[in-house]
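Participant: Handing you a structure now.
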Amino acid sequence: MNNLTPAQKTPQNIEVDIRQREVRITWQDGVQHTFTFDDLRRICPCAVCNELRRSDDPLRILTPDQQVVNADLLPARPVEMVGNYGLQFFWQDGHNSGIYAFDYLRQMGDGQETG
């Protein structure tokens, strides 16, 4: 779904549940998606994480999916809005450079339903 309508890529409600370790987004078209912290950390869209996922380094022992990272959010500052187009998560391991655009989150959520 590359051509999202405004209602498909605009959140109506965003809930961050630290206790259950998940983010729930209700989109303006009524669709709801739930992302676990582990899934969000795994799909981080930042340049460093994208490079790690694409890298064909023959010396790498673990694939990106096998690497253990801290997928817990900072309780005092778990997430912030970035303009009106995305979210920035603040992970306890200090990683916070990924900006999760709403259209990216919508596509990832729709992929969970069909995949």
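Participant: Got a number for residues in the range 7-31 being farther than 23 Å from Gly83 by Cβ and assigned to a strand (DSSP E or B)? Show your work before the answer.
Facilitator: Taking the range 7-31 first, the residues farther than 23 Å from Gly83 by Cβ are 17-22, 30.
In the following step, the residues that additionally are assigned to a strand (DSSP E or B) were identified as 17, 22.
Total meeting the criteria: 2.
Participant: Also, I was wondering about something else. Applying the selection to the range 40-55, what residues are closer than 16 Å to Ala101 by Cβ and surrounded by 13 or more Cβ atoms within 10 Å (Cβ to Cβ)? Talk me through it step by step, then tell me what you get.
Facilitator: Filtering the range 40-55 for residues closer than 16 Å to Ala101 by Cβ gives 40, 43-47, 49-50.
Answer for the range 40-55, where residues must be closer than 16 Å to Ala101 by Cβ and surrounded by 13 or more Cβ atoms within 10 Å (Cβ to Cβ): Leu40, Ile43, Cys44, Pro45, Cys46, Cys49, Asn50.
Participant: Here's a follow-up. Is it true that some residue in the range 85-95 is surrounded by 15 or more Cβ atoms within 10 Å (Cβ to Cβ), at pLDDT below 90 and not in a helix (DSSP H, G or I)?
Facilitator: Yes.
Participant: Same structure again: How many residues does the range 32-78 contain that are among the basic types (Lys, Arg), modelled with pLDDT of 80 or more and in a loop (DSSP other than H, G, I, E, B)?
Facilitator: We begin by selecting, within the range 32-78, every residue among the basic types (Lys, Arg); these are 41-42, 53-54, 60, 77.
Within this subset, residues satisfying the condition of being modelled with pLDDT of 80 or more are 41-42, 77.
Of the ones still in play, those that are also in a loop (DSSP other than H, G, I, E, B) are 77.
The qualifying residues number 1.
Participant: If you don't mind, there's one more thing I want to ask. Starting from the range 27-50, keep only residues that are in contact (Cβ under 8 Å) with a residue 40 or more places away in the chain and on the phi > 0 side of the Ramachandran plot, then list their pairs with residues that are among the basic types (Lys, Arg) and not in a loop (DSSP other than H, G, I, E, B) whose Cβ atoms are within a distance under 7 Å, requiring at least 6 positions of separation or different chains.
Facilitator: The qualifying pairs do not exist here.
Participant: Another one. Exactly one condition in (1) among the aliphatic types (A, V, I, L, M); (2) in a loop (DSSP other than H, G, I, E, B); (3) modelled with pLDDT of 90 or more; (4) under 15 Å from the mean Cα position of the chain (by Cα) is false for Met81; which is it?
Facilitator: The single condition Met81 does not satisfy is (2).
The values are calculated or read from the model by the stated rules, or taken from the named source; none is laboratory data. Here the structure is a predicted model, which is why all the values come from computation and not from measurement. Glycine also receives a Cβ, built like all others from the backbone with ideal geometry; neighbour counts cover every protein chain displayed.
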